[in-house]
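Each value in this text was obtained by applying a stated rule to the coordinates, not by laboratory testing. Bear in mind the structure is a predicted one, so any value in this text is a computation, not a measurement.
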Amino acid sequence: MNHKSKLAQKGKFAWTATVGEKGQIVIPKQARELFGIEPGDTLILLGDVKRGIAIPPKESFAGFAANIFAAASGESDENDAET
């Protein structure tokens, strides 16, 4: 069994994507199918200077938006420790 198969068994995957001239990337078909990403879906991209870019599951979008608005208004979210 190769290294890639061991990662896949643990639910970890790695793909490559090329950035086009307009700055667009194509999410590989296997990744789109695995995560249920359909044309027209809105995704959130998170960035960390040291760790890079991440695309969390699209179901997380509402939670991220709620936390952003709560932080902007000075409220705290009881679920902060869970995210």
Rounded to the angstrom and largest first, Cα extents along the principal axes for the range 23-63 equal 29, 25, 18
Stretched fully, the stretch from K29 through V49 gains (0.36 nm per residue minus C-alpha distance, one decimal, in nm) 4.5 nm
